[in-house]
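Below is one structure, written out as C-alpha cells; the observations come after it.
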Amino acid sequence: MGGEAERSKPRMIGNATVEQCRRRAGAPAPASCDAASVALALLGQKWTMLIVRHLKPGHLRHCQLQGRLGGLNSTTLSQRLRLLEEQGIVTRKVLSTIPPWVEYSLTDKGRELADIIESLERWSNKWQSLAGGNAIDDTAAGSAR
C-alpha cells in the first residue's frame, strides 16, 4: 500500500513537478522528454552549474565553496547543495572534528554531469569566439539564471 502512494506522487525537481517543467518549456512534451525536462529544470536554477563545476576538482567545505563562487549568500548555497544532494549529484560528509566540518564532493553521477558542463562551456566558448563575442565568465553565468 505504501508503494502505491509513492508511485502516485509527482516527480519533483526543486519546487516544480516534471509536468510544471514541461509547461515552462512551452508545450506538453512526450514522455521521452521527461528526463531532459528534469535535467534542464535542475541545471537552470541559479548557481547550480557553477557549484558542480567548482566541486569537480575535489571536496570543499561550505565556506570554501562560497568564497570561490563570490556573490552567493550562504542560504542559497545551502539550498542548492541540499537539492544536489537529494538528486544524488553531491555527497555531504560530516567530519567529527571540533568544531564539526562538513565537506561536499561530487558523486559519480555528479562527476559525469561536471564533464557535460565542461563540454557545454567549450561549445559556448567556441561559438562565442566565432561570432566575435566574449566567452561567458562565472559572474555572468551565475547572475544570468
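The values are calculated or read from the model by the stated rules, or taken from the named source; none is laboratory data. Note that the coordinates shown come from a computational prediction; the quantities given were computed from them, not determined experimentally. Reconstructed Cβ throughout: ideal geometry from the backbone, glycine too, with neighbour counts over all protein chains shown.
Remarks
- Exactly one residue out of Leu69, Leu106, Leu120 is of a type in the set (A, V, I, L, M), within 15 Å of the chain's Cα centre (by Cα), at pLDDT below 95 and buried (at least 17 other Cβ atoms within 10 Å of the Cβ): that is Leu69.
- Checked against (1) at pLDDT below 90; (2) assigned to a helix (DSSP H, G or I); (3) exposed (fewer than 12 other Cβ atoms within 10 Å of the Cβ), Gly132 meets all criteria but (2).
- The helices (runs of 4 or more DSSP H) found entirely in region 47-125 that carry 2 or more residues being closer than 24 Å to Ala36 by Cβ and aliphatic (A, V, I, L, M) are 48-55, 74-86.
- When region 90-103 is limited to residues that are out of contact with any Leu (no Cβ under 6 Å at 6 or more places or on another chain) and surrounded by 12 or more Cβ atoms within 10 Å (Cβ to Cβ), the one that is nearest to His59 (Cα to Cα) turns out to be Glu103.
- Ser37 satisfies every condition listed in (1) out of contact with any Leu (no Cβ under 9 Å at 6 or more places or on another chain); (2) within 16 Å of Glu112 (Cα to Cα); (3) polar (S, T, N, Q) except (2).
- Hits in region 86-106 (condition: closer than 16 Å to Leu65 by Cβ and of a type outside the set (A, V, I, L, M, F, W, C)): Thr91, Arg92, Lys93, Glu103, Tyr104, Ser105
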